[in-house]
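The values are calculated or read from the model by the stated rules, or taken from the named source; none is laboratory data. Everything quoted here is computed from the prediction, not taken from an experiment. No Cβ is skipped: glycine too gets one built from the backbone with ideal geometry, and neighbour counts run over all protein chains shown.
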Amino acid sequence: MTLGDVVILLKRQTENVSGMLQEEGAEFPKVIDWYEKLCKEKFGATKFNYMIMMMHDPFVHYHAFPRYDNKVKLFDIDWEDRNTLNNFASTELLEDELLFKIRDYMKKGE
């Protein structure tokens, strides 16, 4: 798991990227801009990786991974950017309580 990694969904379901509406495609850069600014401000992210991999879920969604040059200390955890993108399936599970803390931290100051 990388601190700040997310799945970005459309507001409706479609099974193929070719099924996206023009308005949805036009909104995507706005969502990405918001997400990148938030991760840079809150966590010090330095770059980002994005993937569309609908291997298991039959609807369009994007995986977003912030990248870090240094460790990030948050909630008494040292978060390291260890993902070399060789394996996209995270084996780490986080407790719901910690996920909610991260979510709430990201929402502060919006």
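Observations
- Residue in region 95-105 that is within 13 Å of the chain's Cα centre (by Cα) and either at pLDDT 85 or above or of a type in the set (S, T, N, Q) (or both) present: no
- Screening residue 33 with (1) over 12 Å from residue 3 (Cβ atoms); (2) modelled with pLDDT under 85; (3) exposed (fewer than 11 other Cβ atoms within 10 Å of the Cβ) gives one miss only, at (2).
- Filtered residue count, region 48-71, keeping only those that are touching a residue at least 12 places away in the same chain (Cβ under 8 Å), charged (D, E, K, R) and in a loop (DSSP other than H, G, I, E, B): 1
- Members of region 1-45 found to be among the hydroxyl-bearing types (Ser, Thr, Tyr) and either over 23 Å from residue 98 (Cβ atoms) or touching a residue at least 40 places away in the same chain (Cβ under 8 Å) (or both), listed by number: 2, 14, 18
- Considering only residues in region 72-92 that are surrounded by 12 or more Cβ atoms within 10 Å (Cβ to Cβ) and either in a strand (DSSP E or B) or of a type in the set (Asp, Glu) (or both), the one that is modelled with the highest pLDDT turns out to be 72.
- Taken together, 38, 3, 9, 21 contain a single residue that is under 23 Å from residue 108 (Cα atoms) and surrounded by fewer than 16 Cβ atoms within 10 Å (Cβ to Cβ), which is 9.
- There is no residue in region 38-47 that is in a strand (DSSP E or B) and in contact with a Pro (Cβ under 6 Å, 6 or more places away or on another chain).
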